[in-house]
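Visitor: Just dropping this structure here.
The values are calculated or read from the model by the stated rules, or taken from the named source; none is laboratory data. No experiment lies behind these values; they were computed from the predicted model shown. Positions of Cβ are backbone-derived with ideal geometry, glycine not excepted, and every protein chain shown enters the neighbour counts. Please note that ligands, DNA and RNA were not included when accessible areas were found on the heavy atoms of the full protein model with its side chains. Shrake-Rupley method; radii C 1.70, N 1.55, O 1.52, S 1.80 Å.
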Amino acid sequence: MARPRHLQIQVAAILRTTWFLVFLRSSSAAAVPALRSPPSPPAAPGGTLCIPRERDALLGFKAGLTDPSNYLSSWRGEVDCCRWAVVECSNRTGHVVKLQVRTHTNSKGELVPGTTIGGEISSSLLTLRHLKHLDLSSNNFGGRPIPEFIGGLGSLTHLLLANSYFGGRMPPHLGNLSSLLVLDLYDYYQPHNCYSPSLTWVSRLQKLRHLAMSGVDLSAAVDWAHAVNMLPSLVLLELVSCGLRNTMPLPFRSNLTSLVTLHLESNSFNSSFGANYLAWDLPALQHFYMDSCGIEGSIPDAVGNLTSIQTLSLSRNNFGMVPWSLKKLKKLKFLNLGENFIGGAIQDLLHRLPTDDLQQLYLYQNNFTGSLPDWLEQFSSLSILWLRNNKLSGEIPISMRELANLKDLRLDSNNLHGTITEEHFRNLTSLQVLWISNNSLTILVDNTWNPPFKLTSAGFRSCILGPHFPTWISQPTLDILDIANTSIHDSIPIEFWMAMHNVQVLELSENRFVGRLPPFSIFGALEVVVLDISSNHLDGPISTLPKNLVYLDLSRNNLSGPLPSDIGAPTVETLMLFQNYFSGTIPCSLFELQQLKFLDLSDNLLNGTLPNCPESPKTSNITMLNLNSNDISGVFPSFLKRCKELKFLDLAYNKFSGRLPTWIGSKLPYLAILRLRSNMFSGGIPLKITKMNRLQYLDIASNNISGKIPLSLGSLIAMADTPNQQDALSQYVQIQLPSSGTVGATNSDSFWVITKGRRLEYTTGINYMVNIDLSSNRLTGHIPEEIGMLVALKNLNLSWNHLSSKMPQTIGELRAVESLDLSHNELSGEIPTSLAHLTSLARLNLSYNNLTGSIPSGNQLQILDDPASIYIGNPSLCGPPISRKCWGTETSPRAPEDEHEGMSDALSLYLGVGTGLVAGLWIVFCGFLFKRNWRIRWFLFTDRVYDWVYLQVELRWASLARNKSIGAG
């Protein structure tokens with residue numbers, strides 16, 4: 001036996017030596033190419049080698065994917081798969097246990113188009129029988145359904161498929177993953193792309209601790225509450241925006257004894273809470289979110305059962321009352337009841353809240369009244385207090401200074417009044433956010449005051465800070481500052497601009513600031529994104545703009561000089577420079593701004609021609625261009641061919657000339673407002689203009705336009721439909737601030753319209769203005785019948801032309817028209833009776849034409865102002881309201897509807913007499929029919945009358961005969 005054992009020892013030694021040499025050779029061979037290629041991913045823990053069949057499975061999985069950014073570039077057959085990116089193997093067995101294939105997002109957490117992983121998920125993953133963690137989040141699978149075979153990965157403990165653009169039905173096979181601890185199917189980017197008609201399959205996941213299905217359509221899953229109630233280990237439940245309904249009774253008893261966090265926001269429950277609501281029976285619940293669920297009525301007293309609750313968020317519902325039981329929630333740190341209908345005295349509500357640990361309190365946008373209490377120091381832990389948009393009154397109590405931990409205070413948009421002094425802020429050393437805008441408050445502090453806080457966001461709009469500039473506000477920590485309309489009448493100190501170097505949003509409008517903007521060395525170095533200094537008294541030129549600027553409003557000042565040739569601000573989207581004194585030509589640099597959408601240079605002294613700007617981008621994002629009321633000349637700007645997104649174009653009150661281009665209809669497909677009035681344009685109206693489907697405001701008045709009105713005018717579709725908020729003109733500048741709401745909202749700020757015989761200024765509702773004004777030109781021919789198709793038209797002005805022939809009968813179809821002016825033309829024939837159909841008409845002018853016949857009458861026509869002047873200059877017209885009567889009739893023809901709605905006085909008289917006569921005869925006839933005595937007496941009476949009459953006639957005749965014979969003799 002010794003010999004064979006000695007042989008075994010030798011064989012074992014040889015095998016060990018051979019394995020070592022092979023390992024050494026393979027290691028050397030692998031090291032050579034590593035000198036010539038990018039470094040490989042880090043080695044798997046312990047130098048583990050992956051199993052070949054699992055490597056092949058991963059390669060098969062990769063083959064089905066699209067990977068435009070090569071995230072999986074390390075997945076190569078010659079490399080150990082345990083060293084591949086996003087793959088993790090077991091140290092002990094070498095099996096793949098974790099696969100995390102997710103696309104990187106940008107700084108905002110958004111997917112970047114063209115970089116996301118997509119394609120098909122291969123069933124080769126089933127080979128990975130030891131896979132515990134599968135993460136395919138933040139990809140783009142193009143709406144494909146989640147593969148059913150994933151339910152066969154029996155070892156999975158973590159399955160994360162969030163935000164990957166899956167679609168279709170959620171496979172119930174996922175209920176087979178009995179070891180699952182975390183299931184994340186959250187869909188933020190495409191909510192309701194996936195759906196599940198039932199959640200019965202979820203109830204089989206008994207070990208589940210984390211369930212996130214937000215964005216999955218569960219509107220048909222009436223069993224949702226019972227299904228999740230079967231998960232005793234559940235710690236976190238997220239069902240945000242799932243379309244949940246209260247369509248079934250809730251579980252009698254809750255099994256969710258471990259549930260800590262519950263998210264049910266944005267579901268349309270649209271009901272009241274009820275005292276036995278599922279949430280009130282969750283003993284471990286610490287965080288409860290139920291915002292935007294349409295919950296009505298009062299918050300029940302049962303909320304006091306949540307003794308472990310730390311976060312309670314019930315905003316954007318319809319609650320009306322808050323129970324006293326909230327006082328029991330001693331651990332409550334976060335309470336959000338904003339945007340409800342809770343009313344009553346604010347002091348009463350604060351009495352109902354726990355005071356010990358409450359750190360964040362949101363009561364904004366409710367109906368709270370009364371004054372703030374002077375015992376606010378009881379909320380000593382409070383760091384955030386939002387009471388904006390209520391009906392609070394009175395003064396801000398001095399006890400506010402005792403909230404030493406306060407970081408964020410928002411009292412804006414109330415009815416507060418009084419004076420705020422330095423004493424209010426003495427102990428508020430932690431204060432970072434302060435908003436008291438839109439109150440009647442006066443800030444009265446020493447100009448040398450050094451506040452104890454460093455603000456990052458502040459709003460004092462419509463309070464009184466002036467008349468001197470409040471130097472204490474010059475805090476370099478500010479990101480957002482709003483001191484608009486604060487009664488400051490002073491220059492802006494250079495120190496303020498230097499302190500605002502890092503500010504992002506700066507609102508200085510509606511004051512009386514004087515002086516000049518700072519030099520470029522300071523102004524151009526600002527990091528500001530939104531800057532509004534409109535409606536002040538600033539003068540002098542402007543320099544190159546700050547590089548990060550997106551929104552700039554310098555309108556309604558006294559700024560002058562040429563516009564800078566280098567405008568700077570490559571990302572600017574909005575430039576409002578109207579109502580200043582800028583002169584010279586418009587530089588190309590303005591039209592080379594690729595992000596520019598809104599440009600308003602109206603009411604300045606600009607002149608010269610518009611440049612063609614050959615170096616500007618081939619396409620422009622300009623949505624609004626307003627050059628109204630300048631001195632600009634030349635032909636219609638050809639660079640507008642590149643502005644395919646243009647919706648608002650105003651070139652009125654300039655010196656443009658030449659013909660209107662035929663390309664205007666094809667190159668500007670989204671144009672909704674076109675104002676070219678008071679220029680020197682000539683030629684005819686291009687037919688292509690009438691093909692513009694979105695045009696709803698056309699004003700080419702006071703030019704030299706000739707020819708006929710196109711018959712295709714009725715093709716202006718936008719004038720045949722009533723505009724709404726989704727139409728072309730509703731999308732104007734809206735820049736939302738995190739604290740103050742809208743800072744910039746402009747539609748050229750105001751919009752002058754010639755309508756109803758006056759020049760009216762519209763500051764709102766432009767998207768509802770539907771207008772055609774072709775007045776003061778040299779148009780000839782007739783008014784086309786097709787104009788009656790423009791039923792949404794509110795203003796039609798064709799006056800001061802050479803239009804002839806009859807007025808079209810279809811003009812009565814313009815039921816929305818409020819102003820109609822056809823004066824100073826050569827129209828003939830009768831006025832259409834359909835004109836009386838215009839029930840919205842407020843102004844009518846048909847003067848100085850050749851109209852004939854009678855003037856139609858109607859209720860609306862009779863209430864117009866100065867009716868006689870409407871028809872003056874038409875000598876052949878007759879009838880009211882003018883004094884000339886129509887020949888052969890005392891009355892003028894009525895409108896068709898009047899002939900049916902009423903009748904003449906004569907006809908009324910005849911009908912009354914006839915009706916009375918018939919009724920009287922019928923009464924007499926009925927009396928004779930039923931009363932025999934009446935008949936006998938009546939006939940006796942008639943016989944006697946007849947005999948008497950006959951006797952009288954005979955006697956009279958005999959007497960006449962006798963007298964005649966005597967006379968003859």
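Visitor: Could you give the nm distance between label points at LEU911 and ARG815, where each point is 7 Å from its Cα heading toward the beta carbon?
Guide: The modelled label-to-label distance comes out at 2.7 nm.
Visitor: Lys/Arg Cβ at +1, Asp/Glu Cβ at -1, dipole of the chain taken about the Cα centre: which of TRP663, THR609, THR257 is farthest positive-ward?
Guide: THR257
Visitor: Restricting to DSSP loop positions (anything but H, G, I, E, B) with no more than 15 other Cβ atoms inside 10 Å of their own Cβ, which chymotrypsin sites (Phe, Trp or Tyr not before Pro) remain in the range 651-722?
Guide: TRP663
Visitor: While we're looking at this one, here's another question. Contact order normalised by length for the chain, with contacts defined as Cα pairs under 8 Å and 6 or more residues apart; what percent is it? Spell out each step's value before the answer.
Guide: Values: 2386 pairs, mean separation 27.3, N = 969.
Relative contact order here is 3 percent.
Visitor: Assuming 0.36 nm per residue, please report the length gained on full extension of the stretch GLU615 to SER959 beyond their Cα-Cα distance.
Guide: 111.3 nm
Visitor: Also: Need the C-alpha centroid separation for the range 788-818 versus the range 316-340, integer Å.
Guide: 59 Å
Visitor: Along the three principal axes, how long is the range 98-241 when you take its alpha carbons, biggest first, rounded to the nearest angstrom?
Guide: 42, 34, 25
Visitor: Which of THR419, SER638, LEU180 sits farthest toward the positive end of the charge dipole of the chain, with +1 on the Cβ of Lys and Arg and -1 on the Cβ of Asp and Glu?
Guide: LEU180
Visitor: Hey, with R₀ at 41 Å, roughly what FRET efficiency would GLN359 and ASN548 work out to, going by the Cβ-Cβ distance, to 0.05?
Guide: 0.75
Visitor: Roughly how tilted is helix 932-968, in degrees to the nearest 10 and between 0 and 90, from the longest Cα axis of the chain?
Guide: Once rounded, the angle reads 40 degrees.
Visitor: On to the next question. Say each of GLN594 and VAL112 gets a label point 7 Å from the Cα, pointing the same way as Cα to Cβ; how far apart are those two points in nm?
Guide: With each label placed 7 Å out from Cα toward Cβ, I get 1.5 nm.
Visitor: Now for a separate question. Straight-line reach only, C-alpha to C-alpha below 16 angstrom: list the aspartates and glutamates that LYS327 could link to, leaving out same-chain residues fewer than 8 apart.
Guide: ASP301, ASP348, ASP356, ASP357
Visitor: Something else about it: Run through every distinct alpha carbon pair of the range 436-490 and return the Kirkwood hydrodynamic radius in angstroms, one decimal place.
Guide: After inverting the mean inverse Cα-Cα distance, the result is 11.5 Å.
Visitor: Under 13 Å Cα to Cα from LYS618, which aspartates and glutamates show up? Leave out anything in the same chain fewer than 8 places away.
Guide: Within the straight-line limit of under 13 Å, LYS618 reaches these aspartates and glutamates: GLU592, GLU645.
Visitor: Filter the cross-link list LYS597/LYS641; LYS331/LYS407; LYS330/LYS391; LYS62/LYS98 down to pairs whose alpha-carbon distance in this structure exceeds 22 Å.
Guide: Table pairs above 22 Å Cα-Cα are LYS330/LYS391.
Visitor: Could you give each residue of the range 450-460 its phi-based ³J(HN,Hα) in whole Hz, using Karplus coefficients 6.51, -1.76, 1.60 with θ = phi - 60°, and x for Gly or Pro?
Guide: 10, x, x, 10, 10, 7, 10, 8, 8, x, 10
Visitor: Among all cysteines in the chain, which have no other cysteine Cβ under 4.7 Å from their own Cβ?
Guide: Cysteines of the chain left without a disulfide-compatible partner: CYS194, CYS242, CYS293, CYS463, CYS643, CYS926.
Visitor: Stretch TRP922-ASN318 to full length: gain in nm at 0.36 nm per residue minus the Cα-Cα span?
Guide: Computed gain between TRP922 and ASN318 is 210.6 nm.
Visitor: A further question follows. What order, most packed first, do the peptides 75-81, 786-792 have when packing is the mean number of other Cβ atoms within 10 Å of each residue?
Guide: Ranked from most to least packed, the peptides come out as 786-792, 75-81.
Visitor: Something else now. Of GLY683, PRO880, LEU372, which is farthest towards the positive pole of the chain's charge dipole, taken about the Cα centre with +1 and -1 on the beta-carbons of Lys, Arg and Asp, Glu respectively?
Guide: The Cα lying farthest towards the positive end belongs to GLY683.
Visitor: Rounded to whole Å, give me the distance from the Cα center of the range 585-638 to that of the range 525-577.
Guide: So the two Cα centres are separated by 16 Å.
Visitor: Rounded to the nearest whole Å³, what is the per residue volume of the convex hull around the Cα atoms of the range 553-698?
Guide: 97 Å³
Visitor: Can you tell me the order of 368-380, 215-227 when each peptide is scored by its average per-residue count of other Cβ atoms within 10 angstrom, highest first?
Guide: 215-227, 368-380
Visitor: Mind putting together the pair-distance distribution for the chain? All Cα pairs, 20 Å bins, whole percent per bin, short to long.
Guide: Computed distribution, short to long bins: 10, 24, 30, 21, 8, 4, 2, 1, 0, 0, 0.
Visitor: Nearest 0.05, what FRET efficiency do THR571 and TRP663 give at R0 = 22 Å with Cβ-Cβ as r?
Guide: For THR571 and TRP663, the calculated efficiency is 0.15.
Visitor: Calculate the spin-label point distance for ASP374 paired with ASN255, positioning each point 7 Å from the Cα along the beta-carbon direction, and give it in nanometres.
Guide: The two pseudo-label positions are separated by 5.8 nm.
Visitor: Here is a further query. Check cross-link reach from LYS794 to the lysines: straight Cα distance under 21 Å, and skip same-chain residues fewer than eight apart.
Guide: LYS794 reaches LYS647, LYS691, LYS756.
Visitor: Which value, in debye to the nearest 20, gives the size of the charge dipole of the range 280-422 about its Cα centre, when Lys and Arg are +1 and Asp and Glu are -1 at the Cβ?
Guide: It comes to approximately 200 debye.
Visitor: Report, in deg cm²/dmol and to the nearest 500, the calculated mean residue ellipticity at 222 nm for the chain, where each DSSP H run with n ≥ 4 adds -39500 (n - 2.57) and the sum is divided by the residue count.
Guide: -4500 deg cm²/dmol
Visitor: Can you compute the charge dipole magnitude of the chain about its Cα centre, using +1 on each Lys and Arg Cβ and -1 on each Asp and Glu Cβ, nothing else charged? Give it in debye, rounded to the nearest 20.
Guide: It comes to approximately 2800 debye.
Visitor: So what does ARG102 come to for accessible area, using a 1.4 Å probe and Å² rounded to 10?
Guide: 90 Å²
Visitor: Return the carbon/sulfur percentage of the accessible area of the chain, one whole number, probe 1.4 Å, all protein chains in place.
Guide: So the carbon and sulfur contribution to the accessible surface is 54 percent.
Visitor: Still on this structure, please answer the following. Given a Förster radius of 45 Å and the C-beta distance between MET498 and ALA404 as r, what FRET efficiency does 1/(1 + (r/R0)^6) yield to the nearest 0.05?
Guide: According to the calculation, E is roughly 0.90.
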